[in-house]
Each structure stands twice: as C-alpha cells, then as structure tokens.
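Trainee: Mind looking over this structure? Questions follow.
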There are 2 protein chains.
Amino acid sequence: MPPRPPRRDDPVRQRSLRDHNLALVLRHVTAANRPPSRAEIAAASGLTRATVSTIVDELIVGGLVAELEPVSRSGVGRPGTGIVPAGTGPAGLGMEVNVDYLAVCAVDLTGAVRHRQVRRLDQREHSPAQTWQALGELADQAVAAVAAQGLTPAGGVIAVPGLVEGDTIRIAPNLGWQQVALPRPEDLGGPRDLPLDVANEATLAALGERHATGLRSFLYVSGEIGIGGGIVLDGELFGGSHGWAGEIGHVTIDPQGPDCHCGSRGCLEQYAGEEAIRAAAGLRAGGAVLADLVDGAGQGSAPVLDALEHAGTALGVALSGAVNLLDIGTVVLGGHYVELIDWLRPAIERELARRVITARWAPAKVRASALGSDAALVGAARAVTQAILDDPARFLATRPAPAG
Amino acid sequence: MPPRPPRRDDPVRQRSLRDHNLALVLRHVTAANRPPSRAEIAAASGLTRATVSTIVDELIVGGLVAELEPVSRSGVGRPGTGIVPAGTGPAGLGMEVNVDYLAVCAVDLTGAVRHRQVRRLDQREHSPAQTWQALGELADQAVAAVAAQGLTPAGGVIAVPGLVEGDTIRIAPNLGWQQVALPRPEDLGGPRDLPLDVANEATLAALGERHATGLRSFLYVSGEIGIGGGIVLDGELFGGSHGWAGEIGHVTIDPQGPDCHCGSRGCLEQYAGEEAIRAAAGLRAGGAVLADLVDGAGQGSAPVLDALEHAGTALGVALSGAVNLLDIGTVVLGGHYVELIDWLRPAIERELARRVITARWAPAKVRASALGSDAALVGAARAVTQAILDDPARFLATRPAPAG
C-alpha cells in the first residue's frame, strides 16, 4: 500500500532532502506527457539544473530511468535528451486468486503490462496450499518471461477476494477461506527472494484504476460473484482504520431481504451479485453466466433485462447512500459490470438522481473501469512499482546489485 | 474550515520556516497537559531554545499566548514560567440558526466557552432577513459580553441545518430556505467588520467534537428534527468534493419506505428523525417531544420504547452501511440522541454486529457526544479559533492593532 504522505507535524528533517528530491524528479519523469529534459525537470520542480543532473544520473545508475538518444533541434544550445521511466530494471508482479481462476501479470515502471497469464481453475476444490503451489508455477513463468525482456521483479502482491489485515486473509467467503496466512516465497515454490504482500482485490483494482486513469476521487465497485469496492480520495487510496473500507457489497438494501452468506440480510450482493442476477434472470447455474447475460440482454430477453434493471436499482440505492456519505463525484463500475453497464446504468442513474440529496447541483458520474476485468491484477502489479516510484531512495538502498 | 495540510508535492519553501514554527510552538502550548516552559517546548518540538523564545515573545505580543507568573522550584536554574493560550485576545463567535431557536456563543483560544445565549424563536415563521436581524442582536450582545472579559471576536461562523456550498445555503429543508446567501455583516446589524462564514451544523458539530475529545476518526450523527452527520478522519474533517459529506439522514433504509421531504423515499430521517419517533410513539405533535420521549421511556411506556427500538434499528442499518464503507471505529451520537442513547444503543449495536462484515474483529464503538446539544454552536466558534491556532502567522499579519 502507498506510504503515508508526510503530515504537517513531521519535522522536515525526517525525510532527507536527497530522498525527497529523488522522488520529486522521478515523479516529474513519470507524470510528464512527453519525456522531459533535465532542464525541463529543473524548471518544473524548482530544483537547480545541477541538482537535477546529479539525481537523474543516480536514477539511471539505479535502473529507474533511462535517457533517450539526443534529438537535434533547430535552436541554440545543446540538444536536450529526454528522460523516461526505465523499460528494463524493476518490475512489479501482480497475482490474483479468484473463485474460478488464477492470474499473474508483470508491469514495468512505465505501467506497461509486459506479461499476463490467466489459468482457469476452481479454487473452491483446493486447499490454500494447493492454490499457492499453482500460483507459484504461474509466477515462475512470469519471472522467466520478464527476465527475457530485461526486467527483474522487485516484489509481488497477491489480490484476493476477501478481507485482509496485515499478513492475514481474515476471510474470503467465496473461496471458503478463513484465517489464511500470506504465503512465504517457498509456499509458492519460488521465486525465493521475492517480497510478497497480499491485499483485497477491489482495493487493488481501485488503485490500478487510479494510476491508469489519473482520476483523483472515485468510488470503485466491482461485481463478479462477490461485490467489492475501493475508495480513492484526492489521489490516495482510502483504506479506513484497518484497510477494510469500501465494503459496499454488504451495505443493506432491504433490512428484511434475503439471507447473505456474511450472516446479515438484504446485502447488495444478494441483489446485484452475479449469482443473484443469474437466478433472477432464470439462467442455468454453472454456465458462462456473464456471456449468457450479455447475450440475453442483447437479444432483448425480458427476464434478463428485468434482472439487470433490478440489479441496477439495488446498485443505485447502495451507491446513493455512499454518495450521500462521501460526497464523491464519480462512481467507477468494474469487473463484470463493465460488460453490463449499458443495462445497469439507467436504473443506477435514476436512483442517484432520486436519492442523493445534492444530485441537482452536482450529479455523480457513472463510468466503466478503464482496466476492466484486469483491474485487480494490474493494480496489484502497479502497487509494487508505485511503491518504488513513491520512495525510490528506499528501493535503491535495498535492491540487489544490478545484473550485467 | 481548517486549512489543508501540506502535501508531499508541496515545496518546503511554500510555507516559510517562521510561519511553520509559529504554528508548531502554538500547537505545543495548546496541546500540553500543563503549561509548558520555553525549555519544555524546545525539547518537545526539536527547535532551539533561542528560536522558541523568539517565537513565544512574538505570540505574547500578538495576544495569542500568555506567560504565567514564575513558580519557584526546588532545583537548580532559573524558575520556569509556564506558557498558556491567551484567555484574552481573539475569540471565536459561533452562531446557530435552527428550526426553533437561535443561539450565539464565544470561545477563547483555550476552547473555553466565555459566553452563551439561546433564544427560542421559530424560524419557519420568518424570512432569512428577519432571522439575520435577530441573530445580529444576539451577536451584538455576545461581542459586548466578551469585550468586558478582554476578548475581541476574530470572526464568526454560522451553523445552519442545510447544505452549504461556498457562501450559499443551497437548501435548508426544515427551515424552508433555498439559495440563501451568507449574510453580510450589515445584514446582522453589526458588528460591522467581523469576517463571517457559514457551514452545515453537523459538520461543525463534528469539528467541535473532534477538538473537545481528541478523537481522531469518527462518524458523528446528530438527530433532532433533521438528521445530520459529519466525518472526521485522522484528525481532519472529511468534507468530500463540495463539503457535503456525511449526509447520513438521507441514506435509504427501505427503498419502498415513506416519502421524504428531500424527494426520495425511505430515508433514515423518516425512521429516526424526531418527528418520526414522535409519531411512532403516538405522542402529540408540537409538544416538548424530546422531554416526552425521555419521560415515556423512563416510565416504561411500551409505545415509546417500541418507537425508540425501531429508530435504533434504522440507525443501526444506516450506520452499518457507513462502517462497511468507511471502516471507521467510532460512532458519536449527538443532538437529541444524547438523551436517548440508552434506549437506542441496544438496537444500534445489534444491527452493527449483524451487518458490519468486519464486526467480529473490530466492532465499532457507539458513544454519546461530549458537547451534547451545544456541539454545532461550540464547533462553529471553535472553527474560528482553530483557524488561528492552525495558522497564527496569517492571523498576526491581518489582525487589527491590539487595543490598549
């Protein structure tokens, strides 16, 4: 998860000037629309050209940025050379455990996905140890694939559909897991010295969405078999007291509604989770539910359209409550909702207009996730690279000596 | 509203070192359990004794802190003199417009309430202009009363039960107001050069509660005729995109529930607002509803106890949704709920235990507001003094020359 930004009570000395400037220069390089020159970084950051040059050199040696070939310009002075995030060097490994598949991907510091593999496999039939073993095989293949591209994974983050506290998966109801520990590298078979972390999939998806789109404040809601959520406020993930914020899937729609596997009644998941929509649409269980829903809706099937309208209404009720509480301007729909958004949106927007007390002055926007069903996987991988971009000094101090 | 804390992208130079140190020293003085000496401030802040002495002198001249008489100690060295926030000098004026009363109070920099006056008056029979005139009379009396105590109001904040955006009250449904502008000082009759601001009452109450209790993260919910809310996260008020966050009164309890004056249906206010509880309890309208409820519940009246149980259940459902979304550990009940909390709490806690997905690991605490029904009024006054404490340099640069 991203490091906490300094607060006003923090003495300035706590983070040394050099560490601060390393991060500042790297941020200018990654945020620029086109590769900036040293002079442009100096102008934009307020640092001197000499300081910028020293820092850029240090970032080049550390493998975090690269220098493009000089481009001759029609103008006075030396030709400027653009600085770009390194396309080789550290990579982030994202791993996802979901009900019916495992996935692994790797991203480089530019955010580009350099490897991606998905394996259909029902986790409900396996123990966590078996899942880690299977995930480790995918991770080994990812490490080999990116090594061939000049990349070295700096860490891995595992996305799970459950509540995570520190290194423990407290509960992942749809996997049937309780109190499962973060795997050790050896549980994955290898790679043996890769730092690992685990986090909630929707939280990671929200983080991925934030980096992919630049959106600074939004509520992310992902619908698959379960419904997850994540909150990004002013550019930062909002985790709440324990990192559990965003659990919109268990907001009550009707206090007397159907029982939920969480122990409550009338949760949003019972109205707008994939299984609830499937049952309401009268589709067979165990099939390719999303494809069946998209096909049925596209062909104008009344039971499917009704089921999606009902799900959209329930989503609209829950989202209205969230917007009333958070005064947040954008809702991003992810997971399977991306493919269903055209049929969900009218009911969602109708409820938001009716139930959000400020809707007449500032209606919330509803949009589809830019990353689609890969959001959690890519978000997990980008959590690793973002930690490097946020605190390059720490990475440079701890990384192994670069190969070659 | 409190100034935004510096972010990590802010160049350090933006806030000058002297401004930073003024705020730092003043914070050590106001946060100390007993009056600290210059040496103690230096030790706690990491500043040199010389710097602390210069800054303390500047704060004394500016009327923001005062020095206690030296106390002789049995020990070596000069006796230490304690530094305290000034009990004279600037004061904050809080003003409250509510459905059936107007109120004004003044606090000094220590947070002590130095004046308080409440006038029963039904605003629904008056135009905003008449309300401002009546409020101005109370404000004049407050200014005179605190002047006699050596205090000069540095600003006033008006708390209203409605949605405020910038200088406009967008809507205050229970007052019947729409699009009402912040009054100018002359609309209040006098005091003519007092900077004025207006904000939502529950937001100000949450801010007051935060300063009065030191609680760093909580959801504040205030129940009177309307239900308002405010969110404090990590010590700071969370306002959302427009300052409208916390509108829990219009979170849906039952999508098919009774019509709400906001245009929606089944809002919490229709289950746990004072009027809804009164009607459910079968009490007469127009009476002293809160007193009747407290008396009835105390005497074991079944209709009153049932009505409070129903209200508590609805509150519990709405609060569960909020805790699922925000992962916030404490709920503070304010307004009339303070006197009703013993009868509301069992149902609230039962719903939180049932509906919050993380309740088994970290159950949210429910507590009564420390400031009670004065929270919004005192919070409004403290918003003024807190702005001075947060940025004393700005206050010192703009204040009129001290009298005498």
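The values are calculated or read from the model by the stated rules, or taken from the named source; none is laboratory data. Remember, predicted model here, so these are calculated numbers, not experimental data. Heads up, the Cβs are rebuilt from the backbone with ideal geometry, glycines too, and the neighbour counts pull from every protein chain shown. Side chains included, ligands, DNA and RNA excluded: accessible areas come from the protein's heavy atoms. Shrake-Rupley method; radii C 1.70, N 1.55, O 1.52, S 1.80 Å.
Trainee: Quick one: how many residues across the stretch A:29-43 are within 14 Å of chain B (Cβ to nearest Cβ) and at pLDDT below 90?
Mentor: 2
Trainee: Can you tell me which residue among A:ALA314, A:ALA307 is of a type in the set (Gly, Ala, Ser), more than 17 Å from A:ILE231 (Cα to Cα) and more than 11 Å from chain B (Cβ to nearest Cβ)?
Mentor: Working: A:ALA314 fails: more than 11 Å from chain B (Cβ to nearest Cβ).
Criteria check complete, one pass: A:ALA307.
Trainee: Mind telling me which of the residues A:ALA139, A:ALA129 ends up being open to solvent by 10 Å² or more (accessible area, probe 1.4 Å) and either among the hydroxyl-bearing types (Ser, Thr, Tyr) or modelled with pLDDT of 90 or more (or both)? Walk me through how you get there before you give the answer.
Mentor: Working: A:ALA139 fails: open to solvent by 10 Å² or more (accessible area, probe 1.4 Å).
Sole residue among the options that is open to solvent by 10 Å² or more (accessible area, probe 1.4 Å) and either among the hydroxyl-bearing types (Ser, Thr, Tyr) or modelled with pLDDT of 90 or more (or both): A:ALA129.
Trainee: A further question follows. Among (1) within 13 Å of chain B (Cβ to nearest Cβ); (2) open to solvent by less than 60 Å² (accessible area, probe 1.4 Å); (3) not small (Gly, Ala, Ser), there is one condition A:ASP292 misses while meeting the rest; what is its number?
Mentor: (1)
Trainee: Here's something else I'd like to know. Does the stretch A:273-282 contain at least one residue that is surrounded by fewer than 22 Cβ atoms within 10 Å (Cβ to Cβ), among the basic types (Lys, Arg) and over 28 Å from the mean Cα position of the chain (by Cα)?
Mentor: no
Trainee: Among the residues of the stretch B:142-170 satisfying the criterion of being free of Cβ contacts under 8 Å to residues at least 12 places away in the same chain and within 14 Å of another protein chain (Cβ to nearest Cβ), which is surrounded by the most Cβ atoms within 10 Å (Cβ to Cβ)?
Mentor: Taking the stretch B:142-170 as the starting set, the residues that turn out to be free of Cβ contacts under 8 Å to residues at least 12 places away in the same chain are B:144, B:147-148, B:166, B:170.
When the remaining residues are screened for being within 14 Å of another protein chain (Cβ to nearest Cβ), the result is B:166, B:170.
Working: B:GLY166: 11, B:ARG170: 20.
My answer is B:ARG170.
Trainee: Pick from A:PRO185, A:PRO173: which is in contact (Cβ under 8 Å) with a residue 24 or more places away in the chain and assigned by TED's automatic domain parsing to the domain that holds A:LEU389? Explain how you work it out, then say what you get.
Mentor: Details: A:PRO185 fails: in contact (Cβ under 8 Å) with a residue 24 or more places away in the chain.
Selected residue: A:PRO173, the only one of A:PRO185, A:PRO173 that is in contact (Cβ under 8 Å) with a residue 24 or more places away in the chain and assigned by TED's automatic domain parsing to the domain that holds A:LEU389.
Trainee: A further question on this structure: What number of residues within the stretch B:324-341 are assigned to a helix (DSSP H, G or I) and open to solvent by 10 Å² or more (accessible area, probe 1.4 Å)?
Mentor: Applying the first criterion (assigned to a helix (DSSP H, G or I)) to the stretch B:324-341 yields B:324-326, B:337-341.
Retained after the next criterion (residues that are open to solvent by 10 Å² or more (accessible area, probe 1.4 Å)): B:338-339, B:341.
Of the residues in the stretch B:324-341, 3 are assigned to a helix (DSSP H, G or I) and open to solvent by 10 Å² or more (accessible area, probe 1.4 Å).
Trainee: While we're on this one: Given the residues A:ALA347, A:ALA375, which is the only one that is away from every other protein chain (no Cβ under 14 Å) and over 30 Å from A:THR54 (Cα atoms)? Quick ask: steps written out before the conclusion?
Mentor: Numbers: A:ALA347 fails: away from every other protein chain (no Cβ under 14 Å).
After ruling out the rest, the residue left standing is A:ALA375.
Trainee: Applying the selection to the stretch B:264-296, what residues are assigned to a helix (DSSP H, G or I) and among the hydrophobic types (A, V, I, L, M, F, W, C)?
Mentor: Within the stretch B:264-296, the first condition is being assigned to a helix (DSSP H, G or I), and the residues that meet it are B:269-272, B:274-281, B:289-296.
Within the stretch B:264-296, B:ALA272, B:ALA276, B:ILE277, B:ALA279, B:ALA280, B:ALA281, B:VAL289, B:LEU290, B:ALA291, B:LEU293, B:VAL294 qualify.
Trainee: Which of the following residues is surrounded by fewer than 17 Cβ atoms within 10 Å (Cβ to Cβ), farther than 16 Å from A:TYR220 by Cβ and not basic (Lys, Arg): A:ALA347, A:ALA353, A:ALA359? So that I can check it myself, show each step before the final result.
Mentor: Values: A:ALA347 fails: surrounded by fewer than 17 Cβ atoms within 10 Å (Cβ to Cβ); A:ALA359 fails: surrounded by fewer than 17 Cβ atoms within 10 Å (Cβ to Cβ).
Testing whether each residue is surrounded by fewer than 17 Cβ atoms within 10 Å (Cβ to Cβ), farther than 16 Å from A:TYR220 by Cβ and not basic (Lys, Arg) leaves just A:ALA353.
Trainee: Moving on to the next point. Testing A:ALA199 on (1) closer than 13 Å to A:GLY94 by Cα; (2) in the same structural domain as A:VAL104 (by TED's automatic domain parsing), one condition comes back false. Which one is that?
Mentor: Looking at each condition in turn, A:ALA199 falls short on (2).
Trainee: Of all the residues that make up the stretch B:26-65, how many are under 23 Å from B:LEU151 (Cα atoms) and polar (S, T, N, Q)?
Mentor: 1
Trainee: Return only the number of the condition from (1) free of Cβ contacts under 8 Å to residues at least 24 places away in the same chain; (2) more than 8 Å from chain A (Cβ to nearest Cβ); (3) in a loop (DSSP other than H, G, I, E, B) that B:GLY240 does not satisfy.
Mentor: (2) is the only condition that B:GLY240 fails.
Trainee: Checking the structure you have, find out if any residue of the stretch A:334-341 is away from chain B (no Cβ under 14 Å), of a type outside the set (Gly, Ala, Ser) and more than 20 Å from the chain's Cα centre (by Cα). Quick ask: steps written out before the conclusion?
Mentor: Restricting attention to the stretch A:334-341, the residues satisfying the condition of being away from chain B (no Cβ under 14 Å) are A:334-341.
With of a type outside the set (Gly, Ala, Ser) added as a condition, the list becomes A:336-341.
Pick out the ones that are also more than 20 Å from the chain's Cα centre (by Cα) and you get A:340.
Taking every residue of the stretch A:334-341 in turn, at least one turns out to be away from chain B (no Cβ under 14 Å), of a type outside the set (Gly, Ala, Ser) and more than 20 Å from the chain's Cα centre (by Cα).
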